[in-house]
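Following: one structure in structure tokens, then a few remarks.
The values are calculated or read from the model by the stated rules, or taken from the named source; none is laboratory data. Please read all numbers here as calculations on a predicted model, not as lab measurements. Here the Cβ is made from the backbone with ideal geometry for all residues, glycine too, and neighbour counts use every protein chain on show. Ligands, DNA and RNA are stripped out before the accessible areas are found, and what is left, the full protein with its side chains, is counted by its heavy atoms. Shrake-Rupley method; radii C 1.70, N 1.55, O 1.52, S 1.80 Å.
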Amino acid sequence: MPLTVHHLNNSRSQRLLWMLEELELPYEIRFYERDKATMLAPPELKQVHPLGKSPVLEDGGIKLVETGAICEYLVDKTGRLGPTDRDEGLRQYRQFLHYAEGSVMPTLLLMLAMGKVPLLGRVALKKVQPMVDVHLDYIEQVLAARPWFAGDALTAADIMMSFPVEAAVARAGLGPSRPATMAWLKKIHARPAYQAALKKGGHYDYA
């Protein structure tokens, strides 16, 4: 029985499609469109899960939310895309698996929110940008030292980090001044599994 992904267009749930393609697991997609006025998820998602958010993964009678938790579940299920090094690699894997949503994305979302507020938002952005730059400099330092976030091979940590990095290019000025990060981004975008996920997931602004 294939897995089912409840997928919101143009959202962070694109990462889950990429992970499933990397794992070569059979899955089906149930598509949901954002409200064009508010850009929020549609109420139909609340019929899938009380939080009304995406992605949601169904595996038989199991239903999971939170992309990081879903990634951990799939790594445990398949034995793939986890760290190859059970020492430092494992520590880095765990850190970046959670760092993506726990630290980077809240700061980027604050920047996005401030950008929509006239005048006062522009003033606030000047204070938020240095906070974002701390993260972008840290990410650049990490990727300048090794090819992937958890060591020498692609892991679920890279998949989790893909959206914050992509969003930083689109919203926070990430560019050529951080060459290691941009090289990593180009590398993941070239992966056949990433490209296959794009074809299946629909329009995605950040690729």
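Here are the numbers:
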read-out: Residue-averaged 222 nm ellipticity for the chain, from DSSP H runs of 4+ at -39500 (n - 2.57), nearest 500; value: -16500 deg cm²/dmol
read-out: Region 137-196: proportion of alpha-carbon pairs further apart than 18 angstrom, %; value: 26 percent
read-out: Backbone N within region 88-105 under 15 Å of label point (7 Å from ALA145 Cα along the Cβ vector); value: 88-96
read-out: Test item: Cα-centred dipole of the chain, Lys/Arg +1 and Asp/Glu -1 on Cβ, debye; value: 660 debye
read-out: Computed lengthening from MET131 to GLU33, 0.36 nm per intervening residue step minus Cα-Cα distance; value: 32.1 nm
read-out: Projected label distance in nm at ALA124 and ILE62, using a 7 Å step from Cα toward the beta-carbon; value: 3.9 nm
read-out: Solvent exposure, largest accessible area first (probe 1.4 Å, DNA, RNA and ligands not counted), of ILE139, ILE29; value: ILE29, ILE139
read-out: In region 102-207, lysine pairs with alpha-carbon atoms under 18 angstrom apart (chain gap of 8 or more, or interchain); value: 4
read-out: Neighbour cut-off at most 15 other Cβ (10 Å), DSSP loop, trypsin sites (Lys or Arg not before Pro), region 100-207; value: LYS116
read-out: Largest-first ordering by accessible area, 1.4 Å probe, given options VAL123, VAL128, VAL169; value: VAL123, VAL169, VAL128
read-out: Three principal axis lengths of region 103-206 [C-alpha, angstrom, descending]; value: 43, 34, 22
read-out: Set of lysines near LYS77 by C-alpha distance (under 20 Å), chain-local residues within fewer than 8 positions excluded; value: LYS63
read-out: Kirkwood Rh in Å, taken over all unlike Cα pairs in region 1-59; value: 11.8 Å
read-out: Interatomic Cα distance distribution for the chain, bins of 5 angstrom, percent; value: 1, 7, 15, 19, 20, 17, 12, 6, 2, 1, 0
read-out: ASP133 - accessible surface, heavy atoms, 1.4 Å probe, Å² rounded to 10; value: 50 Å²
read-out: Kirkwood Rh in Å, taken over region 25-110 so that all alpha-carbon pairs contribute; value: 15.2 Å
